Amino acid sequence: MTDTPEIAKKREQEKRTMEIMVRIYCHGIGHKRADQSRSLCPECKKLLDYANMRTDRCPFMAEKTFCSACKVHCYSKEMQEQVRKVMRYAGPRMLFVHPVMALRHIKVTLENKKKSRNGSPDKPQ
């Protein structure tokens, strides 16, 4: 099955966001790299490769907003915990590094929460 152009764009945006956040985390906490370049350390590279693979294989890309809001968590427990650490560290710093991307993420998250509240069957009348 091939993606529509919109889904392919969404997939690439999600991968780009994850890459930026992993880079902020890796460089911010001072992971050691063999060549002291701006590249990722092996641990962070492994996490990014894993996240990209999961994003490429995600069958819910058309419906979901972010992995954290997905009904199926396809990351292994170990990788889920690593991603949580990255998000906790990099999330607040995204406002300074990529403010537009951070604000877009906040907007989509708030819209999704509002939608889920309004669409819930036990909504007060």
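Distance between the pseudo-spin-label points of LYS114 and ALA62 (7 Å out from Cα toward the beta carbon): 2.5 nm. In order along the stretch 76-88, phi translates into HN-Hα couplings of 5, 4, 4, 5, 4, 5, 5, 5, 4, 4, 4, 5, 4 Hz, rounded to whole numbers, per the Karplus curve 6.51 cos²θ - 1.76 cosθ + 1.60 with θ = phi - 60° and x for Gly and Pro.
Roughly how tilted is helix 5-28, in degrees to the nearest 10 and between 0 and 90, from the longest Cα axis of the chain? Computed tilt is about 40 degrees.
Within the accessible area of the chain, what % is carbon and sulfur when the probe is 1.4 Å and the other protein chains stay in place? Accessible surface attributable to carbon and sulfur in the chain totals 58 percent. Note on the chain: Rg/Rh from C-alpha atoms, Kirkwood Rh, equals 1.01. Descending by average beta-carbon neighbour count within 10 Å, the peptides 74-84, 108-118 line up as 74-84, 108-118, the highest first.
Note on exposure: ILE20, ILE29 ranked by accessible area (1.4 Å probe, complete protein assembly) read ILE29, ILE20, with the most exposed listed first.
Sum -39500 (n - 2.57) across every DSSP H segment of at least 4 residues in the chain, then divide by the residue count to get the 222 nm mean residue ellipticity, nearest 500. Don't skip to the answer; put the middle values down first.
Values: 4 runs with 82 residues, N = 125.
That comes out to -22500 deg cm²/dmol.
Per residue, the chain exposes 71 Å² of accessible surface when a 1.4 Å probe is rolled over the protein heavy atoms with every protein chain present. Model label points for VAL97 and HIS73, set 7 angstrom from Cα along the Cα-to-Cβ axis, are 2.3 nm apart.
By the Cβ-Cβ criterion of under 4.7 Å, the unpaired cysteines of the chain are CYS41, CYS58, CYS67, CYS70, CYS74.
The values are calculated or read from the model by the stated rules, or taken from the named source; none is laboratory data. Note that the structure is a prediction, hence the values are computed from the model and not measured. As a convention, Cβ positions derive from the backbone with ideal geometry for all residues, glycine included, and neighbour counts pool all protein chains shown. Side chains included, ligands, DNA and RNA excluded: accessible areas come from the protein's heavy atoms. Shrake-Rupley method; radii C 1.70, N 1.55, O 1.52, S 1.80 Å.
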